[in-house]
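The values are calculated or read from the model by the stated rules, or taken from the named source; none is laboratory data. These figures come from a predicted structure and were not determined experimentally. Note that we place each Cβ from the backbone using ideal geometry, even for glycine, and neighbour counts take in every protein chain shown.
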Amino acid sequence: MLRGLYTAYTGMKNEEKRMDVIANNMANANTNGYKAEGTSSRAFSKVLGIKINDDSEAYLQRSFGKMSLGVKIGESYRDWSSGSFRVTDNKFDFAIAGDGFFTISMTDRSGNTHTRYTRDGAFTITSDGYLVTKDGDHVLDSSGSYIQLPTDQGEPTVDGDGNISVNGVQYATLGMVDFEDYDYLEQYGENQFDAVEGATFKPFSGSIEQGVIETSNVNIVDEMVNLIAVTRQYESNQKMIQTVDTIMDKAVNTVGRVR
């Protein structure tokens, strides 16, 4: 009977993980350029047994034996499809039509500078002409340098290749990049990604649109439906635990009573 408890427990842990991902998607439904996440589960036929209460390795990570103890949490994945474009008419708002990322230089609290990548093109310009993100991180050009534009010669124009001009004079080119395999991109936070070991660059093949922003690709209706499904499945596992607990109570206190 205890196996039933473990089976229901693994189901609840799986739904808890799914709930976290859904909640994060819904929280970022209005985040520019956000890419929705999803989760997968491993079937009974793939997971014959699961180690529990073993501090020597990550929890619920290795299968063993010939007995199924429930579902195993699978991997998380990201939907890299483009979101819809929203027109802002702001000359410092850019969107990527196709694949690719803007290159950002970010300095952490320790003073270390990192190069990261984002789809969020809602930029602004500082008083001294530097193109930055809404958090103040510098946008990099094709040579990896900060982009600085004149502030007293008119508004900039950007062509599809990311060339930035003011009054017909080109000052910089946006540092656009793309990757062979997005599995080598790791979510950092603040709508940015890190390229981990093994990441391979490839030429940028998309185009830049000025005066528009790429919105999140989260489908809020789908997320609400998934949220309801997760809640129902979590409740089903709770009821299973309650049922097994009742059966064990009867077995110990009624059937097993010495007369």
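Things to note:
- Any chance LEU69 is assigned to a loop (DSSP other than H, G, I, E, B) and either surrounded by 15 or more Cβ atoms within 10 Å (Cβ to Cβ) or at pLDDT 95 or above (or both): yes
- Of all the criteria given as (1) of a type in the set (Asp, Glu); (2) out of contact with any Gly (no Cβ under 8 Å at 6 or more places or on another chain); (3) within 13 Å of PHE101 (Cβ to Cβ), the one not satisfied by ASP152 is (3).
- Pairs are defined by a Cβ separation below 9 Å, a sequence spacing of at least 6 or placement on different chains, a first member in region 2-29 that is more than 20 Å from TYR77 (Cβ to Cβ), and a second member that is part of a helix (DSSP H, G or I) and basic (Lys, Arg); the pairs so defined are ALA8/LYS239.
- Qualifying residue in region 213-232 (condition: of a type outside the set (S, T, N, Q), in contact with a Lys or Arg (Cβ under 7 Å, 6 or more places away or on another chain) and modelled with pLDDT under 95): yes
- Some residue of region 30-42 being over 30 Å from ALA97 (Cα atoms) and at pLDDT below 70: yes
- Entry remark, region 188-198: residues being touching a residue at least 12 places away in the same chain (Cβ under 8 Å) and either buried (at least 18 other Cβ atoms within 10 Å of the Cβ) or part of a strand (DSSP E or B) (or both) number 6 in total.
- Qualifying residue in region 206-225 (condition: farther than 30 Å from ASP89 by Cβ, of a type in the set (D, E, K, R) and free of Cβ contacts under 8 Å to residues at least 12 places away in the same chain): yes
- Selection of region 199-217 for residues being outside any loop (DSSP other than H, G, I, E, B), surrounded by 15 or more Cβ atoms within 10 Å (Cβ to Cβ) and hydrophobic (A, V, I, L, M, F, W, C) yields ILE208, VAL212, ILE213.
- Pairs, first not assigned by TED's automatic domain parsing to the domain that holds THR124 in region 153-172, second at pLDDT 95 or above and exposed (fewer than 11 other Cβ atoms within 10 Å of the Cβ), C-beta under 7 Å, six or more apart: none
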